[in-house]
Amino acid sequence: MNLELSFGLTGIMNDGGTLFLMNGRDDSSDNELLQQIRAGDEHAFATLYRRRHAGVYRFALQMSGSQALAEDVTQEVFMVLIRGTDLFDPARGSLSSFLYGVARNQTLRRLHRDRFFVPLSGNDDSELDHTSLSKPLDELARTETIESVRKAVLSLPERYREVVVLCELEEMSYAETAAALGCAIGTVRSRLHRARLLLTDKLRPAESQDEAAVKTARCFA
Amino acid sequence: MNCQSFENSLTDLARQHPLEATALADAQAHAGSCSSCALRLEEQNVLTAGFRSLVEQMRTIETPSHLESRLMEAFREGRRPPQRTQAPGRAWFAVAAVAAVLLVVFGVVALRLMWAPAPAPIARETVIETPVKNTAAPEVVPEVRPVSVARENPVRERRYSSRRTARHRVNQNRDPALEITQPSSATTAALEVTSEFMQLGDGSVGNLQEGAQVVRVEMPRYAMARFGLPVNMERYDERVKADIWLGADGLARAIRFVQ
């Protein structure tokens with residue numbers, strides 16, 4: 001719950017009723033916040049969490065399609081910071097890349113662990129279903145398009161999916177993505193190119209796929 | 001620009017990633033002239049638009065608020081992870097590793113004990129009729145040390161027996177050094193080169209039928225010189241085997257050297 005307080009202060013009250021005071025424009029860098037977290041500053045941790053949690057959560061959600069898994073992964077990523085910030089080396093990349101890297105490892109671990117389980121309700125997809133019957137048709141078509149893109153991304157192999165999520169959906173640069181995934185920039189570029197080709201194949205209407213297969217023959221102009 | 005070059009820059013074109021001006025112009029020109037590549041670019045542009053829409057939609061999704069409160073609580077509780085129990089797995093691994101090492105050690109010890117031969121008795125044999133050379137010899141008998149020649153180092157024997165195969169063990173039993181425990185064996189005499197028995201002191205050699213015995217001993221090599229035998233002075237401090245003829249009264253009567 002966000003609260004506007006006097007003297008230009010902003011406060012955030014969590015579910016436990018604890019009020020965190022903020023100065024309204026906390027522009028400390030991630031590394032400065034980390035140093036404060038090392039010293040046990042709770043406010044610094046709260047600031048860092050609010051700054052970075054959304055991206056981590058979205059990444060896990062788009063990688064897995066499961067809100068429960070995304071929630072667990074987000075918690076585990078920030079628990080890494082709580083246990084100790086020694087694992088993060090600023091020389092190897094930004095804190096954002098580090099957090100995405102941890103999120104990626106946690107997500108893949110969970111996906112591999114849970115790959116033999118099938119959700120009982122089978123409505124995991126519906127968690128993200130924002131379709132509303134009251135929407136106009138064009139909005140409905142747009143929503144369906146978004147849904148088909150999301151499903152197509154989810155159907156990609158993991159090594160392509162993570163690149164698409166980071167580069168396209170989290171709008172990270174090639175370098176940031178490479179730092180998060182621990183691979184070369186060229187690898188990111190080639191995987192993204194391959195992933196986009198796979199996605200266009202998946203999203204192409206069924207009736208035009210045979211036709212497109214003929215049309216994709218190379219020309220020599 | 002050909003289709004291959006266009007394909008290489010297709011992703012950057014569709015993502016509106018900054019390209020060199022000349023490369024961008026070439027790609028656009030190629031897309032204008034090649035309908036196949038133009039179609040591929042159009043598909044990629046549609047995909048990019050789909051991504052943009054998905055990004056907009058995902059921005060409306062918020063993390064559950066209870067997650068933050070849970071993490072803040074964990075931070076306050078001395079940085080302890082909530083509901084995490086990973087330690088037992090590592091502990092079990094360590095216990096299993098120690099148990100495996102102990103099992104291997106006990107197995108090796110048991111195998112060695114099982115294959116170790118029984119200790120051999122001290123070599124002692126009944127005298128066979130041997131001509132005695134009656135030579136003048138000093139009265140003082142050199143320092144002698146009764147030994148069991150082949151069994152002097154039982155540890156080494158066990159080591160051999162555990163390493164070698166059964167065939168080696170059979171051959172080991174034929175080792176001439178072990179043949180002294182089998183006095184009547186004809187092969188013993190064939191494998192050992194001995195000097196003649198030389199009388200010690202002034203006493204008579206005695207009768208072989210009176211219970212005389214021959215004992216295998218080791219003594220310094222330089223003791224051979226006292227009996228007029230040639231000695232290699234470079235090896236004077238080495239030990240040499242000898243057979244001592246003991247009379248029924250236990251006194252040494254004669255000696256012969258064994259090679």
Next item on the list: Filter the range A:169-191 down to the residues that are free of Cβ contacts under 8 Å to residues at least 40 places away in the same chain and outside any helix (DSSP H, G or I), then identify the one that is nearest to the chain's Cα centre (by Cα).
Entry: A:GLU171
Next item on the list: Could you figure out which of (1) farther than 28 Å from A:ARG142 by Cα; (2) touching a Ser or Thr at 6+ places or on another chain (Cβ under 9 Å); (3) more than 10 Å from every other protein chain (Cβ to nearest Cβ); (4) surrounded by fewer than 20 Cβ atoms within 10 Å (Cβ to Cβ) isn't true of B:SER5?
Entry: (2)
Next item on the list: Please enumerate the residues belonging to the range A:48-88 that are aromatic (Phe, Trp, Tyr) and over 12 Å from the mean Cα position of the chain (by Cα).
Entry: A:TYR49, A:PHE78, A:PHE88
Item checked: Subset of the range B:54-78 (residues that are in a loop (DSSP other than H, G, I, E, B) and loosely packed, with under 14 Cβ neighbours inside 10 Å) -> B:THR60, B:GLU62, B:GLU77, B:GLY78
Next item on the list: Check the range A:96-114 and report whether any residue there is out of contact with any Gly (no Cβ under 7 Å at 6 or more places or on another chain), within 13 Å of another protein chain (Cβ to nearest Cβ) and at pLDDT below 85.
Entry: no
Item checked: Candidates A:MET79, A:MET63 - the one that is outside the structural domain of A:ALA179 (by TED's automatic domain parsing) and either out of contact with any Asp or Glu (no Cβ under 7 Å at 6 or more places or on another chain) or β-branched (Val, Ile, Thr) (or both) -> A:MET79
Next item on the list: Looking at (1) modelled with pLDDT of 90 or more; (2) part of a helix (DSSP H, G or I); (3) within 16 Å of A:GLY65 (Cα to Cα), find the lone condition where A:LEU156 falls short.
Entry: (2)
Notebook entry, point to check: facing chain A (nearest Cβ under 8 Å) and aliphatic (A, V, I, L, M): does that describe B:LEU13?
Noted result: no
Item checked: Within the range A:64-74, tally of residues that are at the interface with chain B (Cβ under 9 Å from one of its Cβ atoms) and buried (at least 22 other Cβ atoms within 10 Å of the Cβ) -> 2
Margin query: Anything in the range B:26-76 that is within 9 Å of chain A (Cβ to nearest Cβ) and of a type in the set (Asp, Glu)? List them, or say none.
Written below: B:GLU43, B:GLU56, B:GLU62, B:GLU68, B:GLU73
Next item on the list: Take A:LEU34 and decide whether it is exposed (fewer than 15 other Cβ atoms within 10 Å of the Cβ), of a type outside the set (Ser, Thr, Tyr) and modelled with pLDDT under 90.
Entry: no
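The values are calculated or read from the model by the stated rules, or taken from the named source; none is laboratory data. Keep in mind that what you see is a predicted model, and the values were worked out from it rather than measured. FYI the Cβ positions are ideal-geometry reconstructions off the backbone, even for glycines, and counts take in every protein chain you see.
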